[in-house]
Structures are given as C-alpha cells and as structure tokens.
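As structure tokens, the structure follows; a few thoughts come after it.
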Amino acid sequence: MTTAEAATETAGKTGEGYERAGLQALRPEGGAPASEDTNLEVILDVPVTISMEIGRTHVSIRNLLQLNQGSVVELDRLAGEPLDVLVNGTLIAHGEVVVVNDKFGIRLTDVVSPAERVKKLK
C-alpha cells in the first residue's frame with residue numbers, strides 16, 4: 001500500500017484530516033462566463049488588413065519570370081463577377097468596382113452575416 005493510500009484509508013476511518021475539494025464552475029471555451037455580455041469596445045480600435053480580391057490564377061515560375069509591361073494575366077473569374085472583400089484573409093463580403101473622384105472603390109453588394117464571420121474566425 002502506498003503512503004497516499006494509507007493516509008486516505010486512515011483519514012477515511014477516523015474522519016479527520018481530509019476535506020472535500022472545492023471545484024470552480026467550468027466556463028465555455030474562451031474563458032468568459034456565458035452569462036456576461038461581451039464587451040467589444042476593447043477591440044474596436046485594433047487595426048486589421050482589408051483586401052479586395054479580383055481573382056486568382058496559378059502560373060509556373062517560368063511564366064511568372066516572362067511577365068513584363070503589357071502582359072495580361074488571365075484570372076479565374078469572369079468579367080462583371082463580384083469581388084471578394086477579405087479582412088485578415090477572412091471573407092466578409094462581396095462587392096463591385098466603382099470609381100469615386102477618379103479613385104477606385106468597392107461597393108459592397110453582399111455582406112457575410114456577423115455570426116458567419118465569427119464562426120469562420122475559430
């Protein structure tokens with residue numbers, strides 16, 4: 001019999017020398033209790049990278065090295081298809097190209113719901 005078993009057996013017989021361990025209530029993943037409202041104010045000023053993706057293509061290094069001024073790279077999208085709007089690499093919306101004061105911009109045509117965006121972050 002080990003020392004720990006002997007101590008447990010002795011304490012159990014006499015009723016002295018031990019007490020019930022107190023356990024904390026489990027919390028959902030992330031650490032905050034489920035009943036508390038999440039305070040988003042603390043992250044509203046965190047900078048993120050937003051990018052607009054017109055399309056993608058795969059090229060060999062040989063073809064990449066042959067590109068020069070005036071070269072055309074064919075993308076996987078058709079003309080007029082919506083662009084993807086990505087924040088830190090996560091799709092948040094689709095949009096279309098517009099010109100505002102001689103600058104390009106994106107008009108959002110379809111925004112991914114906040115619940116879906118949060119789900120994609122996990």
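The values are calculated or read from the model by the stated rules, or taken from the named source; none is laboratory data. Note that this is a predicted model, so its numbers are computed, not measured. When we count neighbours, we look across all protein chains shown, and the Cβ atoms used for this are built from the backbone with ideal geometry, even at glycine.
A few comments on the model shown:
- Residue match in the range 65-85 (condition: under 19 Å from Lys119 (Cα atoms) and either assigned to a loop (DSSP other than H, G, I, E, B) or at pLDDT 85 or above (or both)): yes
- Only residues that are under 34 Å from the mean Cα position of the chain (by Cα), of a type outside the set (Gly, Ala, Ser) and either in a loop (DSSP other than H, G, I, E, B) or exposed (fewer than 10 other Cβ atoms within 10 Å of the Cβ) (or both) were counted across the range 51-63, and they come to 6.
- For Ile106, the conditions (1) farther than 19 Å from Thr49 by Cβ; (2) in contact with a Leu (Cβ under 9 Å, 6 or more places away or on another chain); (3) not in a loop (DSSP other than H, G, I, E, B) all hold with the exception of (1).
- Long-range neighbours under 8 Å by Cβ, at least six apart or interchain, first residue polar (S, T, N, Q) within the range 70-90, second surrounded by 14 or more Cβ atoms within 10 Å (Cβ to Cβ): Thr90/Arg117
- Among residues of the range 102-122 that are surrounded by 10 or more Cβ atoms within 10 Å (Cβ to Cβ), those with a Cβ under 8 angstrom from a residue that is among the acidic types (Asp, Glu), sequence gap 6+ or separate chain, pair up as Ile106/Glu96; Arg107/Glu96; Thr109/Glu96.
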